[in-house]
1. Against the conditions (1) surrounded by 15 or more Cβ atoms within 10 Å (Cβ to Cβ); (2) out of contact with any Asp or Glu (no Cβ under 9 Å at 6 or more places or on another chain); (3) not assigned by TED's automatic domain parsing to the domain that holds ILE8, where does VAL94 fall short? Just the number, please.
2. If a residue must be surrounded by fewer than 19 Cβ atoms within 10 Å (Cβ to Cβ) and farther than 21 Å from GLU88 by Cβ, how many such residues does the stretch 127-143 contain?
3. Tell me which strands (runs of 3 or more DSSP E) are completely within the stretch 52-168 and hold 2 or more residues being within 30 Å of LYS33 (Cα to Cα), at pLDDT 95 or above and touching a strand residue (DSSP E or B) at 6+ places or on another chain (Cβ under 9 Å), or say none if there are none.
Amino acid sequence: MEPTTEIIHLDLEEIRRDGGTQPRAKIDLQHIKRLEEQIEDGQEIEPVVVFYDRNDYWLADGFHRWNAHRNQEEPTIRAIIYHGTRREAVLYSVGANADHKPALPRSRADKRKAVLTLLNDPEWKQWSDREIARQCKVSDRTVNRLRHSICDNDADTKLNKTRKVKRGDTEYIIDTSKIGKSQITHPETIDNKDKNLTENRKVADTKIKVTTDEILIAFLSNVEQMSPEQVKAAIKAIASSHPDLLKNLHLTD
């Protein structure tokens, strides 16, 4: 996104400051006073940054400068104009103050507010920690810590385990629900598995018990289809396991 080529003067009252584009945790009155003194001394102050959506000018960077000009009753302020929406102004603002370290370094609260601005947004919270850190110009660790603090208190975030990751010009949706988690088997699952295993062993160890009459009936029902060799083999098997059955068999060799 490129700004307009020239810096223009905008009326202070044309610039909207109510769009959630202020990433600072609070306004620093002492810094405003220093800027006022610079204006009084005729020093040229860095222009503010605004986004123009064809209807409104949204202030994205320069809230202290705007206040200093108002306090000095300056009707206009120098501004760099981007063509974009209010949301684009918000996204620009979360990293803008990182460039003002010599003038007014960001506090820890400022960084926290910038990150939370994205993490509390339905779309931007889907971005990876790395991408949010890049936009806010903070560390990945800061984003990860704040994301987890939100997850601990937000049931909807607990259920949402996807992240939007950007690689070059391509965006990917990844499932992070199992990242960093070991495969844990719940105690009740272990108990059920042990119970099923025990039951299966009982079935395997159980011998089918049949009466001698049932064995005899089964043998006699199939003896006509058996060869002499098969009959002899069957008789030998019966004789070894159920010798009492031979008393009821009247077969010749």
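The values are calculated or read from the model by the stated rules, or taken from the named source; none is laboratory data. What you see is a predicted model; the values in this text were computed from it and never measured. No Cβ is skipped: glycine too gets one built from the backbone with ideal geometry, and neighbour counts run over all protein chains shown.
1. Among (1) surrounded by 15 or more Cβ atoms within 10 Å (Cβ to Cβ); (2) out of contact with any Asp or Glu (no Cβ under 9 Å at 6 or more places or on another chain); (3) not assigned by TED's automatic domain parsing to the domain that holds ILE8, VAL94 violates only (3).
2. Residues that pass the stated criteria total 4.
3. The qualifying strands (runs of 3 or more DSSP E) are 57-61, 76-83.
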